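Quick notes on the structure that follows.
Just so it is clear, none of the values below were taken in a lab; they were calculated from the coordinates. Remember, it's a predicted structure, so these values are computed and weren't measured experimentally. When we count neighbours, we look across all protein chains shown, and the Cβ atoms used for this are built from the backbone with ideal geometry, even at glycine.
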Amino acid sequence: MSTGSNSTVSAAAVLAAKDQAIGVPRNIAYTHQLWWFVASFIGLIAVGQFLSWISSRLFAPSSREEKRDAELEGRRASRARRFSWSRLPIALVNHFRVLAFRNTVDVGQKYTYTYAEVCITVGYVIALFTWEFVNTTGLAGSTLTFGYWSGRAAALSVSQIPLITALGTKNSIFAYITGVSYDKLNFFHRMVARVVFILLWVHACSKIATIAPASYKEWYIRAALTAITAFTILMVVSYRSIRSRYYEFFFFTHFTMVLIFLIGGYYHAKQLSTFSTYIWPSFLIWGIDRFCRFLRLAYYNSYIFSAAPRPPTGIDASVELLSAQFVRLRFPRPSQLKWTPGQAAFLIMPSVSTIPFEAHPFTIASVDSRYRLRGKSISRIDSLATLTDPRDMRDAPESEELQFMINVREGFTKRLAQAAETGRRVKVFVDGPYGFSPSLSGDDTVVLVAGGSGISLVLSMFLGLVSDVQNGKSRCRRVVFIWSIRDPKQLDWISETMGKALELAPEQLDVSVRIFMTGRGRVPDRTPIMDGDDASASAYEMMPPAMEIRRPLLSFAAVQVDQGRPELSKLLKDEVLNTVGRISVTVCGGQTIAKSCRDALQIPFSQSLYGGPSVVLHVESFGYA
């Protein structure tokens, strides 16, 4: 009996050894296959991005005569559109955009995901767990053999750590390959991290249930337990409510826990397998990103590289409290800093932050001095607005200013608002620009929608678009500017800048500015233009610089102020109905505004076949995933 038992145990041990001999090469092969799967998907996105770029080149700006002919043709076509199979490619592209980016799945009241995000997430989870449990039948015939899926869970999860790191960096190579900005890649950074977290616990639980108690004295086992504990803490503090409300705490904890996890995971994997080669590249990726950011900081903030004298302790910035919810930050821009409308910058303010080198991203509200109207820089408006002496206004140089409109919440922004209340100036280090600006040069109609502080992105894009149209760099014929605000005083935020842009806007550009007041404040009365005729309106432009008087924003016929929330569905559908060619909608605001725009632009497939425009939607939504 004893001999039979020993032989059975011996046979089981032999089978287990053979299973392990088969399982280890499979683990290596499956991690390679998983990476080929991920790389193929990234390559597919890159090809799509390249084709989109080629398509945008085909919509190159035309001459003024061509624009005028296209406008007349568009008006005739909008009155009588006919069915045409030649428009099938546009209809298919529009339908794909609707399915992928405008249909959403709501999870509770806080989480909203597009079908594209859901499909990528589900596809990644299915792929990872398919490789996890495929071919797990042992030589003894038992399915889901422990020796196969336990070790494979660790191998697959560890292989994805470089991907998590690369997706979370600000200078991610994936952003340049796919054209997806770092902030949108951050969604996938969190998604992959959460899936890997589950797989690691699958591996950890299987080992905890089987290893002998004495094994916990081994240092590499303790390293593994420390690593997964750090990862668990990281997952907890990464929860949206904690991350958004206690950002400084999240920032410090995230850095510390990631470091502990990587070090512990590296030494555990190095002791038991060769998969530690997937961990050390994460240090390299993180180091390269930090080195690039350091070079940016040194280049843009050091007096060595600046054309103008600047102290090495940071740029002196003024902080203005616009309201209880918003702060305006402005400071002279580094002469070597160039950006396009819609891009963001990371700001470091040691005197405001809890952590000295804590960086916060904000959209740049001003425009680069490269964007000029009739020989003047639009940004000059902002610098003039800060001056009170007419002699200073007369001699003011062309714009060299960066401006940010910041929504006041808790933590950093609340302390910044307190600094504004005291009237003290702050030292700023700028790192940027980051992100990719939507290309509007090939659009016939552009609609810009903002809610609250979303005006930062939308206003800069409006200024850039007006400049491009006048300089022949855009074919746009109509721009609609929609802003939803609570307080009539918020109009003062953009009055100077918007008024100047409207004064200098080219005649061929049809501009409509719609301001919607959702609060209880009374809609301000429209300011008359002197005697109300065109001659008096042009008097503003005839004044010499020293006597220049700013024309009130509400005196422009293009500006309309309404009470209540905007009917985005009707507004957007009307613009789509009256546009021939290409229309783009850019929205920056809360989840409610973003969802309203997505719903309004769910264009029927047949509408494109009957001459409807190509519709593009760009969403920059507040909140955290």
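What to note about this one:
- Residues with amide H under 5 Å from that of S351, placed H, sequence gap 5 or more: K427
- In region 147-248, the alpha-carbon atoms span a convex hull of 124 Å³ per residue.
- With the charge dipole of region 415-486 set up from +1 on Lys and Arg Cβ and -1 on Asp and Glu Cβ about the Cα centre, the Cα lying farthest toward the positive end among the listed residues G472, V426, G454 is that of V426.
- Measuring between alpha carbons in the structure, the pairs from K338/K473; K184/K489; K207/K270 lying more than 21 angstrom apart are K184/K489.
- Cα gyration tensor shape of region 89-211, rounded if a/c is under 1.5, else prolate or oblate by comparing a/b with b/c: prolate
- For region 145-157, Karplus couplings with θ = phi - 60° (6.51, -1.76, 1.60), whole Hz, Gly/Pro x: 5, 3, x, 7, 6, 5, x, 5, 4, 5, 4, 5, 5
- Summing charges over all other residues whose Cβ lies under 11 Å from the Cβ of I164, with Lys and Arg as +1 and Asp and Glu as -1, gives +2.
- Distances between placed amide hydrogens fall under 5 Å for V559 paired with V513, all partners being 5 or more residues away or on another chain.
- Relative to its Kirkwood radius, the Cα radius of gyration of region 435-505 gives an Rg/Rh of 0.97.
- Rounded to whole Hz, the Karplus (6.51, -1.76, 1.60) HN-Hα couplings of region 610-618, x for glycine and proline: 9, x, x, x, 7, 10, 10, 10, 10
- Amide proton proximity set for H618, modelled H, under 5 Å, gap of 5+: V585, T586, V587
- About its Cα centre, region 556-609 has a charge dipole of approximately 160 debye under the convention of +1 per Lys or Arg Cβ and -1 per Asp or Glu Cβ, with nothing else charged.
- Hz values of 3J(HN,Hα) by residue in region 565-575 - Karplus curve (6.51, -1.76, 1.60), Gly and Pro given as x: 6, x, 7, 4, 4, 5, 4, 6, 5, 5, 5
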